[in-house]
Amino acid sequence: MRVPPGVSPGDFAAAIKQFEAAVGKEWVFTSDDDVELYRDSYSPFWHEEEDRVPSAAVAPDGVEQAQAIVKIANAYKIPLWTISTGRNLAYGGSSPALSGSVILDLKRMNRILEVSDKNHYALVEPGVSYFDLYRYIQEHKLKVWIDPPDPGWGSPVGNSLERGGGRGPLHDHFATVCGMEVVLPNGEVMRTGMGALPGSKTWQQYKYGFGPYVDGLFSQSNFGIVTKMGVWLLPEPEAYRDGTVMVARHDDLVPFVETLAYLYNSQIVQGTAALDSPLLTYRVSKGGGVVDLPGDISVAELERIGREQNIPYWSSELHFYGPAKVVDLQWEFTKERFSAIPGVTFKEGRSYRFPVELKDSDDVLRQALGIPNLSVFGFLGKTLGHMDFSPIVPLSGEAVFEALKVFGEVYHEMGVPPQNQFISLPWAFFPRAFVFLFGFQIMHDVEANKRNREVFRRLIEACAEHGWGEYRTHVAYMDDVANVYSYNNHAMLRLHETVKDALDPNGILSPGKSGIWPKRLRKARA
Ligand code: ADP
């Protein structure tokens, strides 16, 4: 059996016995077959020494059991890696940043404690999945919507803590968090926001409580174990509609994104908006790439092809939710604003009144309509899996041009062929910013994975040189990404580690998460 670093086999065996006494023998997993399930199936280190492998897993059924595990871990200095539903697709799955960590699997804590369809929020435990919450709402005929990520198999707690997103109006999931219960590294239970007031009547209704707002300390962090979380939901809207805006020329992107930003930040356009390029998609179908490779086809030539074939350069499908009258007006107003761009064209999209029966062809739309599903796997093709590189860039056309040029230079320098350029155009996924999503394919091929890791690391550096940083990353790159957030000699990382040492002197919670290492393991930084 693998043991955590620095822990003797004897101590580990004693700790395992105590875990078993705390949660029941059947909820402590030590066999190779069981532990294997917690590895990242899409690890970029497949069959290599550095692959992150846990030593065991333990699954408590409630807060008291979680506290008991934390106390045992403190006594033996055993690193625990907390997961909720453990999907974390493309960012490491349920695998830890530090091999030998014991997975603290909260799947059994799956109670839906409250759903309000009068003031539109829920209070859930970490093991509740988006599917569970959706089913509960349907069964109880509640008039609220959730905003699942794609795929919808994860949890509101895990996804929100990682600052993931959905596609509907509540897509910025951490922004929907209202009130947490947290087991601190010393085993104490704390509630944030109004939850700090015993008997509070507004824990899920007012975020800030009194004094410093600490909820952010528990997202993408290793400062606590979140055991309950409030999330805001959307009142079930009366109607949905979408429509597509298209512009013909390369430079039209600048006023296009400016208009999008105005509409998005005014909350007229809701949900996420992905930038698309029918012309670049056409080019990809002919064996070209999306990025600007040095010496590649010129913009004028591409525009000529676009004119001849009647293919717009840029487009975006926009989404509207609310009363039927209002969404119609929002789309009308959107068209009016975009009409300032010469030659703009529009395509009328889908229109629904709720509740609605969706046809099979609307697979992708399901997430946008608040229905969790796994259809995204149908679009990922036949690849084994992927890991995402996801830099945040400004919400502007100029930034997109610059990014495509920078990525092109990196690909050129690293010799990445056009058919392996794993990039989509950016999404307005979070308010006021674009995020690019690069789905790096993971293969059962050590050399190909090594090469992809080099490209991934070079992209982190190149982005940082241009002022762009990742919103989240795979466990394998947490040190690399934390390292580029280096303003004033890593002042932020130093603050994180000061907090870490104060709260978690034995360094037991998720060592290495987001590049934050406890003092005793700090030399482990890559
Ligand atoms: P999901 O299954 O929703 O994709 P995960 O359960 O895989 O989410 O969680 C994603 C990441 O968030 C984990 O790797 C962990 O670092 C962090 N995390 C998840 N749940 C908790 C929790 N309850 N408390 C603290 N951190 C958590």
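Every read-out reported here was derived from the displayed coordinates using simple, explicitly stated rules and does not represent laboratory data. Owing to the predicted nature of the structure, the values given are computational and were not obtained by experimental measurement. Methodologically, a virtual Cβ is constructed for each residue, glycine included, from the backbone with ideal geometry; neighbour enumeration extends over all protein chains shown.
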If I model a spin label at Lys335 and Arg2 as a point 7 Å from the Cα along the Cα→Cβ vector, what separation in nanometres do I get?
5.7
For segment 304-316, in order, what is each residue's ³J(HN,Hα) by Karplus, 6.51 cos²θ - 1.76 cosθ + 1.60 with θ = phi - 60°, in whole Hz (x at glycine and Pro)?
4, 4, x, 5, 4, 9, 6, 10, x, 6, 10, 7, 7
Quick one: which of 230-237, 336-343, 484-491, 319-326 comes out on top by average Cβ neighbours within 10 Å, and what's the full order, highest first?
230-237, 319-326, 336-343, 484-491
Taking the convex hull of the alpha-carbon atoms of the chain and averaging its shadow over every direction gives an area in square nanometres of 24.8
Per-residue HN-Hα couplings for segment 215-223 [Karplus 6.51, -1.76, 1.60; θ = phi - 60°; Hz; x = Gly/Pro]:
4, x, 4, 9, 9, 6, 9, 10, 9
Can you grab the distance from the C-alpha centre of segment 7-30 to the C-alpha centre of segment 276-302, Å, no decimals?
57
Over the Cα atoms of segment 20-62, how large are the radius of gyration and the largest Cα-Cα distance (Dmax), in Å?
12.5, 36
Using +1 at the C-beta of Lys and Arg and -1 at the C-beta of Asp and Glu, which of Leu318, Ser200, Thr85 has the Cα lying farthest in the positive direction of the dipole of the chain?
Ser200
Segment 50-127 and segment 485-526: distance between their alpha carbon centers, rounded to Å:
20
Under 5 Å between amide hydrogens, which residues at least 5 positions from Thr85 or on another chain qualify, with H placed 1.01 Å from N in the peptide plane?
Ser155, Gly158
Kindly write out, for segment 205-213 in residue order, the coupling ³J(HN,Hα) from the Karplus curve 6.51 cos²θ - 1.76 cosθ + 1.60 (θ = phi - 60°), rounded to whole Hz, with x marking Gly and Pro.
10, 9, 6, 8, x, 10, x, x, 8
Using eta = 0.890 mPa s and T = 25 °C, Stokes-Einstein with Kirkwood Rh from Cα pairs puts D for segment 239-354, in µm² s⁻¹, at 163
Using Cα centres only, tell me the gap between segment 383-410 and segment 310-336 in whole Å.
26
Antiparallel bridges, percent of DSSP beta bridges restricted to the chain (to nearest 5):
85
Overall Cα dimensions of segment 112-235 - principal axes, largest extent first, Å
38, 29, 23
In terms of Cα to Cα distance under 13 Å, which aspartates and glutamates are near enough to Lys347, apart from those fewer than 8 places away along the same chain?
Asp242, Glu317, Glu332
Scan around Leu509 for amide H atoms under 5 Å from its own, H built in the peptide plane at 1.01 Å from N, and keep only partners 5 or more places away or cross-chain.
Leu80
Taking Lys286 as the anchor, which aspartates and glutamates have their alpha carbon closer than 15 Å to its alpha carbon, excluding any fewer than eight residues away along the same chain?
Asp296, Glu301
Interchain or sequence-distant (5+) residues whose placed amide H lies within less than 5 Å of the amide H of Ala274 are Glu317, Ala428
Using Cα atoms only, what is the angle between the long axis of helix 397-414 and the major principal axis of the chain, expressed in degrees (0 to 90) to the nearest 10?
70
Over segment 9-105, the quotient of the Cα radius of gyration and 2.2 N^0.38 Å is 1.04
Relative contact order %, the chain, counting alpha carbon pairs below 8 Å whose residues are six or more apart
17
Excluding residues fewer than 8 places away in the same chain, name every one of the lysines whose C-alpha is closer than 28 Å to that of Lys228.
Lys17, Lys25, Lys71, Lys77, Lys107, Lys118, Lys141, Lys143, Lys201, Lys207, Lys500, Lys513
Per-peptide average of other Cβ atoms within 10 Å, ordering 476-483, 492-499 highest first:
476-483, 492-499
Helix 130-139 sits at what angle to the longest principal axis of the chain, using alpha carbons and giving 0 to 90 degrees rounded to 10?
80
FRET efficiency, 1/(1 + (r/R0)^6) with R0 22 Å, evaluated for Arg451 and Asp51 via beta carbons
0.85
